[in-house]
Every structure is written in C-alpha cells, then in structure tokens.
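Everything on this sheet refers to the single structure shown next.
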Amino acid sequence: MQISSTYNKDLSRIIIIGKPNVGKSTLYNCLLGKKEAIVGEQKGLTRDYQEKECIINNIKFILVDTAGLAFKKSKLEKKVFNLIENQIKSSTLVFFVIDGSQNLTNEDDYCGKVLRKLNKNIVLLVNKSELKKTKNFINQGFELGFGNLTHITAKNKDCKNILYPIIKRYIKPNYFEENISHNKSLSDTIIVSISGKPNTGKSTLFNLLFKKNRVVTGEKAGTTRDSIAAEIRHKETLFKIIDTAGIRKKNKLIGNIERSSTYYSRKEIRYANVSILVFDSTNAFSSIDLNIANYIISEGRSILLIFNKWDLVKEKIKYKQEVLKKLEEKFFDIKGVNCMFISALSFKNREKILDKILDIYLRWNTKINSSTLNKWFKDLKLHSTNITYKGKLKLKYINQTKVRPPSFSVFCNSKSKFSLQNKRYLVNRLVEKFNLEGTPIRISVKSARNPYLKKN
C-alpha cells in the first residue's frame, strides 16, 4: 500500500503559522479564493493542518493552514505542535502571521523562537492593517527579528496582489497552462467520507488508514473542527479519505462554529462515493446515529458501518447478533448493510477496510445490461407470487437510468396501481440477483402507453 500526499509532491509548499486567532484561516481562504477553513472569534478552531493547491497568476503551489502555535501544555497541544513542526520542515516558505491590532504577546515570541530554530524562509505578515492602531505597530514587529514587515488585511481580496511579489521571490512561476494534461484516472478516485457523532473514533480510524498520526485525536468530543482530506493508494486505486467533524443534533449545536462544522460534515457526505459511519460500540444506535445513517441513504451514498471500540465489548457474539437484527429493523430501505467491527487504536484491519470500501464502491457503480435486466424482469413477472396487484396492473419492462446509486425505471400500464410493497419486493430481488447488498436502490415507476394507439 502506498501512502501519498493529496497533491503533487513536486509543488512547493507555503505554510501559514502564528498564534491562535490572528487570522491564519482567513488568509488561507483569501489566497484560495474560497471558504475552505472555518473561521471565527473563538480560539483554537483549527486543530489539524489543511492543504490545498493554490494558483496565483502563473504560480502553482500547495498552501497549508495550521493550528495556532501555543505553549505545549496539554497532550493535545503537544500533538498539534508535532504536526505543525513536520509541515514547516517540508515547506519552501513560511508566512508568520501576527495580529497588528494588539501588542506582541509571549505566544508571538514563542512562535518566533520555534521558527528561528527550523531555519526556513520566513516572511512576517502583520494582519488587520486596516485598523488605526495597527499603524503604530512597526517597531514591535521588528522585535521578532524577521526583517521588514508586510502589512495585510487577510479578509481583503487585495491581499493576493500584495503577497504575489513575495511568493514569486521564493517560488518559480510554472506555466502549467501550456502543458496541462488531465489525469483520466482522477475520475476513478474513490471519495470516502468518515462521519458520525462526536468522539466515536473517526479521526483515529483516519490515522489507521494512513498508517500514521495524520490528524490530532483526543478524548474531548469535538477535537476535529474542519474536514481534513488526504489520499491513499491501494490495489492501484486512489482513495481520497475525508475526516469530518462530529455531527450533533440541531438542538445541541452551540454557536456558529458547531453549526459550520456540522454543515461541512453533511456537505462531505453529500459529495462522497462511500460514506463510512462510525459507531461507538458501547453506545450504538442512538438517535443521532440513525439520523446520520438515514441522511447518507437519502443522499444515495453507499454506506459502510464501522463499530469502533470493539475491544470494550464483552459478549461479542451476542452483540453481533443484536446488531444484525437492528440493521434489519432500522434500515429496511437498504438491504444487507455492510458493517465491520474494529478497534481503531489497535491499527489492525486496515487492508480489510480498504478492500471493503472498494467492493462497496464497485457495487454502487454497477451497470446492468438492458437485455439481461429485462430477461430477469420478465421471468420475475411470470413466476413471482409476491407482487401484489391493485386491479389489472401489467408490468412491461425495466430500464436502468443511471449508476451511483443504481437507479431504475419500471414501466407499467398504471403508475397508481404500483404499490410500495411492489417497489420493496423489486428492490430486494434486484439486490439478490445482481449482488447489490448494502447499496441504495432508486426505483421510479412510470406509466407506459402504446405509442400506436389512436387518440380519440
């Protein structure tokens, strides 16, 4: 198994560093030209680093947003520091951001000491330059010992134009437009979202798949705020894995930050190919678990249920039997839901999980030949006694309209006479015949009239 960066390794990297709440994520969003990181007044919103390809004029590079560098007091802060330090070492240029509306703090001095030890190209950016008090900040900025100051307003689009000459000084322009070649295999990338309620082990599972501590984990619920994406190659297939923030009930959301986190988590589910829903085995099938599962299914995503913290379950055989029974009860709209029982902390079953994701994706992407489908449909119509009819219902033919998820149109003489029981029966038989277990099936019923019938 090959682990790779999300983006081209040959590209230079620019990393944004600073103490918490100086505007790093705002600058990150500004340079990218879109909102990728959650911003707010609350300190410590960014816990992990994010990276995206960024293009400014004719320069393409990887832009990295990091958590705020703070004194290493807690275990969580130490983990954050180690992640940031490794990213700084691999970067070509460091944007050291300070808040010009405030006096220098011990945290600013601490950031400066860390950066000096690493001996990188560093540019000091004084943010919030639009404020009057920032104009008196010049002397204090020089105390950090990084030369000339560059005044910016991170939330202003002109920030790109201000920073472009600096970026050009350290990174050579790459005229990629002339030789651009679209990677056809990119369309085959399997996008996988990891979702669930807070503190079920989503980030731990993410780290397991990447065989390293890529994201920060902690016992406190809500450690992950932003969605973190990275790529991994397995059996010649590229997987884009996205770790999302925990999803809470609407009435449990506190403030704009949690609302934004939940919004982006749902967005990642909506655009994923395979959605992994992580349960805490010691407290599975809560109302929020079921809400998330139903949301995944309603969006037509293929789903893999992972019951984490399996090591804490005592009567494992009995537990599995109860789970399978509940799956039949709770998810009657999707048959044969795929599930796995793991302990993510043990770093086992990584290969099995990736194999399962690939299998689920292939089922979700199934295309059935029309003649094969209708031959089966004809035999089903002739021999089945389970389809109930309201009046004189005549089934004519079936057509697969799309994949991802497999969607079918059933044509009959009267749409109103096709019952919900008919639909469920057909879905169950499709799943059995064409090996579509755990895949959402879409059925639309249409009335088909004889085109040669003369109108009165």
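Read-outs: derived from the displayed coordinates by stated rules, not from any lab. Please read all numbers here as calculations on a predicted model, not as lab measurements. No Cβ is skipped: glycine too gets one built from the backbone with ideal geometry, and neighbour counts run over all protein chains shown.
Look at ILE16, ILE88 and count the other Cβ atoms within 10 Å of each Cβ; fewest to most, that gives ILE88, ILE16. Compared with the direct C-alpha span, the chain from LYS113 to ARG270 gains 52.2 nm at full extension, assuming 0.36 nm per residue. Pairs from the table (LYS120/LYS172; LYS267/LYS446; LYS330/LYS433; LYS314/LYS335) lying more than 26 angstrom apart at Cα are LYS267/LYS446; LYS314/LYS335. Summary of packing: across the peptides 143-154, 59-70, the per-residue average of other C-beta atoms within 10 Å ranks them, highest first, as 59-70, 143-154. By the beta-carbon count within 10 Å of each Cβ, the least crowded to most crowded order of ARG169, ARG442, ARG363, fewest first, is ARG169, ARG442, ARG363.
Can you give the FRET efficiency to the nearest 0.05 for ASN57 and GLU432, using r as the Cβ-Cβ distance and R₀ = 45 Å? Efficiency for this residue pair is about 0.20. Put simply, when 232-239, 345-352 are sorted by average Cβ atoms within 10 angstrom per residue, most first, you get 232-239, 345-352.
Under 5 Å from the amide H of LYS394 lie the amide H atoms of ASN413, SER414, each residue being 5 or more positions distant or on a separate chain, with H modelled from the backbone and absent for Pro and chain starts. Here each label is just a point 7 Å from Cα along the line to Cβ, and for GLN102 and SER286 those points are 3.3 nm apart. Full extension of the chain between GLU328 and LEU358 gives 8.5 nm of extra length, using 0.36 nm per residue less the Cα-Cα distance.
Separation of the alpha carbons by more than 26 angstrom is noted, of LYS75/LYS235; LYS320/LYS375; LYS89/LYS168; LYS318/LYS356; LYS35/LYS75, for LYS75/LYS235; LYS320/LYS375; LYS35/LYS75. Simple rule: put +1 on each Lys or Arg Cβ and -1 on each Asp or Glu Cβ in the stretch 370-447, find the dipole, and look at ASN428, LEU393, PRO405; the Cα lying farthest toward the positive end is LEU393.
In terms of surrounding Cβ atoms within a 10 Å radius of their Cβ, LYS89, LYS423 rank from fewest to most as LYS89, LYS423.
As a ratio to 2.2 N^0.38 Å, the alpha-carbon radius of gyration computed for the stretch 269-352 takes the value 1.08. A simple packing score, the average count of other Cβ atoms within 10 Å per residue, orders the peptides 188-196, 117-125, 310-318, 371-379 as 188-196, 117-125, 371-379, 310-318, with the highest score first. Stretched out straight at 0.36 nm per residue, the stretch from LYS211 to VAL403 would grow longer than its current Cα-Cα span by 65.9 nm.
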